[in-house]
Amino acid sequence: MLQVAPLLQTGTEVRAERWQTDADHHGYVDLYGNRCERFTIPAGASRIVYEADVALESPQDRILPRTPETPIMTLPDEQIAFLMPSRFCLPDELGHEAWQRFGHLAPGWERVQAIVDFVHHDLEWVAGASNPWTTAADAHRAGQGVCRDFAHLAITFCRALNIPARYVFGYIPEIDVPLPAEPMDFAAWFEVWLDGAWHTFDARNNRRRVGRVVVGRGRDAVDVALMTSFGPVTLIEFDVRAA
């Protein structure tokens, strides 16, 4: 199963898309509304290519300082799940530290940004620094990780402070930013529920970006895995291009 197709949501128009593969496949929508593609791959080598032309109504990240938090007692029922511990995000383990570091700050946008600033400087981006079992607490102790670890740690601190937070991954083109040292890949960031709406934050980049295309959302990376395989599969080559 692959999750690479853009999420169909308000403000995102998929003008054209196509799959190139000899494998049988079909699409479906998962529990969180993400678009997934399911393949039956024969023995031997297989090649799968996905291409899409996407138009964004508002391509630049929205920055809304002074947006207030929603008090825990008035949170919508459907957002409670994004306060709970999940496979990689452990507010119960890091809750004391979260309150020690950020509990004195005024609730709202600025407190979330303070979490983002801390995580951005607390973790060093190191390719291959984490593995599929690395939790937010593991990355925090190691002081390094990749973009999903930055997102997991920030989500963990937010949830510990009763701020609903969810994991997001997708494409970020290299627009209006210095070229990165690492090759282009899928990117992970997160969203928090403030004042009745979800808002984008990015602990890895910690800067306004242009052209984010959401592929999936969930509690953490478990819910939006790029690839899930059943049986022995060896990934020989992987290439992401977003422009």
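The values are calculated or read from the model by the stated rules, or taken from the named source; none is laboratory data. Note that the structure is predicted; figures quoted are calculated from it, not measured. Because the Cβ atoms are built from the backbone with ideal geometry, glycine has one as well, and the counts that use them run over all protein chains shown.
Once segment 6-30 is narrowed to residues that are surrounded by 13 or more Cβ atoms within 10 Å (Cβ to Cβ) and of a type in the set (V, I, T), the residue that is farthest from V224 (Cα to Cα) is T21.
From L75, L64, L56, grab the single residue that is in contact (Cβ under 8 Å) with a residue 12 or more places away in the chain, crowded, with 17+ Cβ neighbours inside 10 Å and not small (G, A, S). That would be L75, the only listed residue that is in contact (Cβ under 8 Å) with a residue 12 or more places away in the chain, crowded, with 17+ Cβ neighbours inside 10 Å and not small (G, A, S). Looking at Y50 and the list (1) out of contact with any Lys or Arg (no Cβ under 7 Å at 6 or more places or on another chain); (2) of a type outside the set (G, A, S); (3) surrounded by 10 or more Cβ atoms within 10 Å (Cβ to Cβ); (4) closer than 28 Å to P164 by Cα, which single condition is not satisfied? Exception for Y50: condition (4). Flag: A98 matches the condition of being in contact (Cβ under 8 Å) with a residue 12 or more places away in the chain and either in contact with a Cys (Cβ under 6 Å, 6 or more places away or on another chain) or not acidic (D, E) (or both). Just one of the listed residues (I115, I80) is touching a Cys at 6+ places or on another chain (Cβ under 7 Å), assigned to a helix (DSSP H, G or I), more than 30 Å from F230 (Cα to Cα) and among the aliphatic types (A, V, I, L, M), namely I115.
If you go through segment 31-45 and keep only what is modelled with pLDDT under 95 and surrounded by 13 or more Cβ atoms within 10 Å (Cβ to Cβ), you end up with Y32, I41. Just for segment 143-162: of the residues that are over 20 Å from Q100 (Cβ atoms) and not aromatic (F, W, Y), which one is surrounded by the most Cβ atoms within 10 Å (Cβ to Cβ)? So the residue we want is A151. Among the listed residues D176, D239, D185, identify the single one that is within 18 Å of P59 (Cα to Cα) and among the charged types (D, E, K, R). Within the list D176, D239, D185, the selection yields D176.
Counting only residues that are touching an Asp or Glu at 6+ places or on another chain (Cβ under 9 Å) and more than 25 Å from E124 (Cα to Cα), segment 206-243 holds 1 of them. Per this entry, F230 is counted among residues that are of a type outside the set (K, R) and surrounded by fewer than 20 Cβ atoms within 10 Å (Cβ to Cβ).
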